[in-house]
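The values are calculated or read from the model by the stated rules, or taken from the named source; none is laboratory data. The structure presented is a predicted model; accordingly, all values stated were derived computationally and were not measured. Methodologically, a virtual Cβ is constructed for each residue, glycine included, from the backbone with ideal geometry; neighbour enumeration extends over all protein chains shown. SASA here: full protein model, heavy atoms, side chains in, ligands and nucleic acids out. Shrake-Rupley method; radii C 1.70, N 1.55, O 1.52, S 1.80 Å.
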Amino acid sequence: MARFLTWKCLLLLVIIQIVNAKRIKDMIYMSIDGAAGCFRRHNGTHQFGCSSSRSGSVGVIHLIEQEDDVRWLETKATAGPYTAVLPFSMFTRDVLLRLKNTNNINGVLLARNTSQEYPDFYSPEDTCPNRYSNYKKCNDQRPWNPHGSSILLEDWPFPMFYMENQTLLEAIKSCFWNHNAHDLENQSERSLCALEMKSFMFSAINSDSCIKRSDFYLNINPTSFCDPLGDRNIHWPLAPLNSDSNSVIMVTSRIDASSMFDGISPGALSTITGMVSLLATAAYLHSLKPVIKNTNVVFTLLNGEAFDYIGSSRLVYDLKEGHFNALGGINLKLNEILTVIELSQLSKGDAFLHVSNNKTNPMINQLSEKLPAKVLSNSVPPTSVQSFLEIEPSLTTIVLTNYPDQFINNYYNSILDNAKSLHFNSNISSDLVPSLTNISITLAETLYHSVTNETAPSGDVNRIEHIISEMLSCYLESAKCNLFHAASSPGTKLADQILPLYVSVHRVPNTVTILTGQLFALLTGDKLDMNETECYEHHYAWMGGYDLTGICINSTVNYSIALSPAFIIHNYDMKSGIFSTWTESIWQMLSVRMFLKPSAATERLSMILGSIVTSTSFILVWFINSKADILFNSRRAVDC
């Protein structure tokens, strides 16, 4: 009995050890979780971004902190290919091109030390954003985005990832110092710490090529290689449009931003300040309850503007073709738009009005006096009004910004354009919220006067200031906030993270667009005394409300498709440059892991031993097979 119990206990211990044992790959590799990958995009003529090899790109870790480290890779590196680990101070176009030209780089890891200050500037965008789709061309001698490096618009032959997890960063540095940093001249003679990056992109060349490869009519079993960029535009009319003719002031702002790395496009100053100001303006104007006479106001949030004005070009195309009916089913026409006012990058400090075509417009004079703001005549920044002026050059456009002839945003369209660089913290008072409140109130009162010919009454300014502060917190700090809960269905689970503003591909609903549309409806809709069942029966919106008990909202907020006309026009020439042709590659996975790479001598020995064992196995099997009748011959039965 004791012997049976002993064997039973031993068997139990063996089973426990097997269950708890690490898999071999977990003993070899250390996963670098949370790293954001650079991916590939295309337009009608080129490809941009990054891709690894299909099986993953492996490179020996080399930490670059100063110029000498780059020079060593260029002249003395012997154990390549390498993966360069860079801080922001070294992540420049010049350094990346030098690394590219070594032909000895298999990857780049941009690692941000959260304890260090931000660099003075970092913008991977072009110095002239949307350079080739602007109605008014950029001045290269004094470009709009002076700190732009165009890293975003380069085709890099190796993968790139971004990380800011300090624990993992220290692990990478520790591995480098322990295994790679000493005796650099003889690196190839020992095992070295390496990174494997997987970010293989299935598309290549340009949008035209990858779409044709994916075309159902050209392939019996079509496989998708890329998707057009696009999402939805959001619209709200101050009052219902007339069925016969209309006179409209259109107030716009962009809703998207861009950056190099997947899932990180905060767009704080690039996008959110203008978008929040538009929402606050609409909310305040709605609360004043204006009775319009001859002129209506339409508020529009445009998507995909960072990529050759996807949203605005589609809006203008639909207006011109008579297909735009997102405002209560009424077809609004392009010639019915009197003025376009765009809210661009806004902050505390000076304000500027970039005006085209009509400096004597009364709204221009009112805004310049009340804000106050400096008027810049015949000035057209790289904003959505470019799409309107391309088709209607005589249209009056006003762009309200915080910059004169060059951006003051040092982190335009980058991963650093966030709450920290904007100096916003919801727990600390700042000048940003009062500044945006002043802009929103002033614009709303100016619009009120334009549509009623009367002076705007006093409204609840404190409410608007509170709403702006709450919206900034939702977009810049966490989507798990009071306003987004109030604008969502009761019980909706919201992610405790900063929502990326990247437009993404048209077939995937964008969370930030959905939440912004619902928030727009909450701020401008009418509250109805209905329960949930009655609300849904009448096709109204049932939301959580400010007390999260449920509220029925009747809103005229609506959506239109923000997909470039290039993808709906039959046989469109993708190289014509008329419309945006941006697509995004399909990929399977984005991952980074670290391991100890054997020396070249060890790898050769492993190959030799493996070859010997394999050859010996073949010879042994052949010998046994050829002598099988002797080796396995059994005595034959003898007939009796």
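Here are a few things to note about the model shown:
- Rounded tilt (10° steps) of 166-175 against the dominant C-alpha axis of the chain: 30
- Cα pair count fraction exceeding 16 Å, expressed as % - region 237-286: 56
- Remark: region 323-333, residue by residue, has Karplus-estimated 3J(HN,Hα) of 9, 8, 10, 7, 10, x, x, 8, 7, 7, 10 Hz, where x stands for each Gly or Pro and the curve is 6.51 cos²θ - 1.76 cosθ + 1.60 at θ = phi - 60°.
- Measuring nothing but how far apart in sequence close Cα pairs (under 8 Å, 6+ apart) lie, relative to its length, the chain scores a relative contact order of 20 percent.
- Alpha carbon convex hull of region 372-475, projected area averaged over orientations, nm²: 8.8
- Dividing the helix sum by the residues of the chain, where each DSSP H run of 4 or more adds -39500 (n - 2.57), gives a mean residue ellipticity at 222 nm of -9500 deg cm²/dmol.
- Pairs over the 25 Å Cα-Cα cut-off, from the set K136/K420; K370/K527; K198/K480; K333/K527; K136/K320: K136/K420; K370/K527; K198/K480; K333/K527.
- Per residue accessible area in Å² of region 404-559, where ligands, DNA and RNA are left out and the probe is 1.4 Å: 46
- Separation of alpha-carbon centers, region 266-299 and region 163-177, rounded to whole Å: 45
- Extending 7 Å from Cα along the Cβ direction at S188 and again at K348 yields two label points whose distance is 5.8 nm.
- DSSP bridge pairs, the chain: antiparallel proportion in percent, nearest 5: 55
- Straight-distance crosslink candidates among lysines, where the alpha carbon sits under 16 Å from K212 and sequence neighbours closer than 8 are dropped: K575
- With every protein chain in place, the chain: carbon and sulfur % of accessible area (1.4 Å): 53
- Rounded to the nearest angstrom and listed largest first, the equivalent-ellipsoid semi-axes of region 176-310 from its Cα gyration tensor are 50, 26, 9.
- DSSP-defined antiparallel bridges as percent of all bridges, region 297-428, nearest 5: 45
- Calculated Rg and Dmax of the Cα atoms in Å (choose from (1) 22.7, 76; (2) 30.6, 127; (3) 33.8, 136), label: (2)
- Crossing angle, helix 600-626 versus the chain [Cα axis fit, 0-90 degrees, rounded to tens]: 60
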